[in-house]
Amino acid sequence: MIDNVDLISRWLHMLAAMAAVGGTLFMRLALLPATAQLSPEAREPFLQAVRSRWAKVVMTAILLLLVSGLYNISRKEVTYQVSPLYHALFGIKFLLALGIFFLASALVGRAEAYAAIRRQAGKWLVVNLLLAVLVVCVSGVLRQIELERKPATPGAPQRSAFRTSNIPTCVPAAARLARLPPGTACRATQGYT
Ligand code: HEM
């Protein structure tokens, strides 16, 4: 089933993740090493100017990831019988993501309590990148886990622009696209799988 809101949420989730992770990579591999050529008097004001601009991107990305991620998981829970493995991996991913959000906020913020993190920005940017790689890997596994679709409530309206009822019931490729469990679409009719 292709759902417009699901699709927009997926786009926002991926775009926010790309912007945040890509920006972190750029900072660690290009920007930070380049500032080594600046004098100490010029370096700190320059880094502060970069941080205050980048903070807006970081906060927007965190907001989008949280909103789209919570929407994604609530849709999963409503649509599928979510397995304990899925829940466990999702819990790990969520905790890792919170760690990333904390470090990213500390690195771009002004709070005196986190000045030590900013002084060692190179090290903490690498830690954040490694955590982000883990989060992306866990997300990929989550996507691969096959979940059983919950039985549809009889008479409940489908809000998709591409309703499953529009799919010819015995076209296996269409059934796969609609993420129906194998055989479901056809069992009632001709026995195709
Ligand atoms: C650093 C933060 C994050 C990164 C880099 C990230 C990355 C990703 C990626 C790459 C996907 C796969 C998208 C796809 O193939 O459609 C994904 C899916 C998902 N993400 Fe995130 N995400 C982050 C944070 C979050 C948070 C905070 C939540 C929950 C509040 C969340 C919930 C989900 C869910 C439920 C999915 C769908 C998994 C599935 O297909 O079963 N994500 N994420």
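Screening the stretch 38-152 for helices (runs of 4 or more DSSP H) wholly inside it with 1 or more residues that are within 20 Å of L12 (Cα to Cα) and touching a His at 6+ places or on another chain (Cβ under 7 Å) returns the ranges 40-79. The test for being surrounded by 14 or more Cβ atoms within 10 Å (Cβ to Cβ) and in a helix (DSSP H, G or I) holds for L32.
Filtering the stretch 1-23 to residues that are in contact (Cβ under 8 Å) with a residue 60 or more places away in the chain and under 19 Å from F94 (Cα atoms) leaves S9, R10, A17, A20, V21. Taking residues in the stretch 66-90 that are among the β-branched types (V, I, T), and partners anywhere that are surrounded by fewer than 14 Cβ atoms within 10 Å (Cβ to Cβ) and not in a helix (DSSP H, G or I), the pairs with Cβ atoms closer than 7 Å and at least 6 places apart or on different chains are T79/K150. Each residue in the stretch 1-34 was checked for being away from the ligand (no atom under 12 Å from the Cβ) and polar (S, T, N, Q), and 1 pass. For the stretch 75-129, the tally of residues that are out of contact with any helix residue (DSSP H, G or I) (no Cβ under 6 Å at 6 or more places or on another chain), more than 10 Å from the ligand (Cβ to nearest atom) and of a type in the set (S, T, Y) stands at 3.
Quick one: would you say R10 is surrounded by 13 or more Cβ atoms within 10 Å (Cβ to Cβ) and either within 13 Å of the chain's Cα centre (by Cα) or not assigned by TED's automatic domain parsing to the domain that holds I100 (or both)? Here the answer is yes, as R10 does meet what is asked.
When V82, V57 are checked against the criterion of being over 30 Å from T153 (Cα atoms) and assigned by TED's automatic domain parsing to the domain that holds V141, a single residue qualifies: V57.
The values are calculated or read from the model by the stated rules, or taken from the named source; none is laboratory data. The model shown is predicted, which means the values in this text are computed figures rather than measured ones. Every residue, glycine among them, receives a Cβ derived from its backbone with ideal geometry; neighbour counts consider all protein chains shown.
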